[in-house]
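The values are calculated or read from the model by the stated rules, or taken from the named source; none is laboratory data. Note that the structure is a prediction, hence the values are computed from the model and not measured. Methodologically, a virtual Cβ is constructed for each residue, glycine included, from the backbone with ideal geometry; neighbour enumeration extends over all protein chains shown. Heads up: the accessible areas ignore ligands, DNA and RNA and are worked out on the full protein's heavy atoms, side chains in. Shrake-Rupley method; radii C 1.70, N 1.55, O 1.52, S 1.80 Å.
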Amino acid sequence: MQTDINTIDPAEVAKFEAMAAEWWDPAGKFKPLHMMNPVRLDYITRQIAAEFDRDMTTKTPFVGIRILDIGCGGGLLCEPMARLGATVVGADAAGGNIPVAQVHAEQSGLEIDYRHTSAEAMARDGEQFDVVLNMEVVEHVADPQAYLNACHDLLKPGGLHLCSTINRNPKSFGMAILGAEWVMRWLPKGTHDWQKFITPDELYGLLRKAGLEPVDRKGYVFNPLSWQWKISDRDLSVNYVTAALRPI
């Protein structure tokens, strides 16, 4: 795969650097991710355990598994993976996120390798992982296909790629932009660009073109009555997640 393309969008990076200090504030600008994190972790851990035949009833079931979290932000996914025993690398193009993540990991007594870098740079260096977490990032890059090509190269043969993003339709515009940014003000206005959202079928096509084989997709659905998220087999209308493998 060609990995000499820079898919970083400077304007997108600047948005998240401006919010870096608030990563671990559950009532701050990343409140939606804190609310969604339990269902994200449920899906991620189930997929990893199934693919690598791990027993989730043990204390550290992911020992020996090397995980990369691309677009790691403040480490909301890196820290749980490290607690489960995985060797974790967190990478982010927004340099302001890295010291925030490092300090929080140190305070939590966790060893996590945080880096200010890109997927393309790591792929060029020959880095490879058992699992690549690519959560809520692909809708912010300049070239989704080149970015997913790099994610493919970052996986060992047989490796697992987990990618979540936002569907593109009128409902997602109403929920993810009008609702989350304008009405609820969970996120600053302009955090998302609806035109950069990707439908599930489009994402499957991009993954296949990158050399990955999609094996599963699920929706994340928010219930305004219970104020909780749940995983859905059918409703991928707004937030959704996919699992794909790099063939051996």
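Return the total of residues in region 116-136 being under 22 Å from Asn37 (Cα atoms) and assigned to a strand (DSSP E or B).
Residues in region 116-136 being under 22 Å from Asn37 (Cα atoms) and assigned to a strand (DSSP E or B): 6 in total.
Has region 154-176 got any residue that is assigned to a helix (DSSP H, G or I) and modelled with pLDDT of 95 or more?
no
Is region 65-77 home to any residue that is surrounded by fewer than 24 Cβ atoms within 10 Å (Cβ to Cβ) and without any contact (Cβ under 8 Å) to a residue 40 or more places away in the chain?
For region 65-77, residues surrounded by fewer than 24 Cβ atoms within 10 Å (Cβ to Cβ) and without any contact (Cβ under 8 Å) to a residue 40 or more places away in the chain: absent.
Considering each residue of region 101-113, count those that are open to solvent by 40 Å² or more (accessible area, probe 1.4 Å) and in contact with a helix residue (DSSP H, G or I) (Cβ under 8 Å, 6 or more places away or on another chain), and give that number.
Adding up the residues that qualify gives 3.
Being without any contact (Cβ under 8 Å) to a residue 60 or more places away in the chain and open to solvent by 40 Å² or more (accessible area, probe 1.4 Å) is the requirement here; does His116 meet it?
It is true that His116 is without any contact (Cβ under 8 Å) to a residue 60 or more places away in the chain and open to solvent by 40 Å² or more (accessible area, probe 1.4 Å).
Would you check if there is a residue in region 197-215 being at pLDDT below 85 and closer than 22 Å to Asp42 by Cβ?
Of the residues in region 197-215, the ones at pLDDT below 85 are none.
No, every residue in region 197-215 fails to be at pLDDT below 85 and closer than 22 Å to Asp42 by Cβ.
Quick test for you: out of Leu133, Leu154, pick the one residue that is farther than 18 Å from Arg217 by Cβ and buried (at least 24 other Cβ atoms within 10 Å of the Cβ).
None of the other options fit; the residue is Leu154.
Looking only at region 212-228, count every residue that is open to solvent by 40 Å² or more (accessible area, probe 1.4 Å), farther than 27 Å from Asp153 by Cβ and either β-branched (Val, Ile, Thr) or touching a helix residue (DSSP H, G or I) at 6+ places or on another chain (Cβ under 6 Å) (or both) and tell me the total.
Final tally of qualifying residues: 0.
Which condition from (1) surrounded by fewer than 16 Cβ atoms within 10 Å (Cβ to Cβ); (2) farther than 17 Å from Glu51 by Cβ is the one that Asn239 breaks?
Of everything listed in (1) surrounded by fewer than 16 Cβ atoms within 10 Å (Cβ to Cβ); (2) farther than 17 Å from Glu51 by Cβ, Asn239 misses just condition (1).
Which of the following residues is out of contact with any Cys (no Cβ under 6 Å at 6 or more places or on another chain) and closer than 18 Å to Leu203 by Cα: Asp130, Asp153, Asp113, Asp125?
Working: Asp130 fails: closer than 18 Å to Leu203 by Cα; Asp113 fails: closer than 18 Å to Leu203 by Cα; Asp125 fails: closer than 18 Å to Leu203 by Cα.
When all the criteria are applied, what remains is Asp153.
Among the residues of region 97-137, how many are β-branched (Val, Ile, Thr) and either touching a Ser or Thr at 6+ places or on another chain (Cβ under 6 Å) or at pLDDT 95 or above (or both)?
Number satisfying all stated conditions: 4.
Suppose the filter is free of Cβ contacts under 8 Å to residues at least 60 places away in the same chain, acidic (Asp, Glu) and surrounded by fewer than 19 Cβ atoms within 10 Å (Cβ to Cβ); does Glu22 pass it?
Yes.
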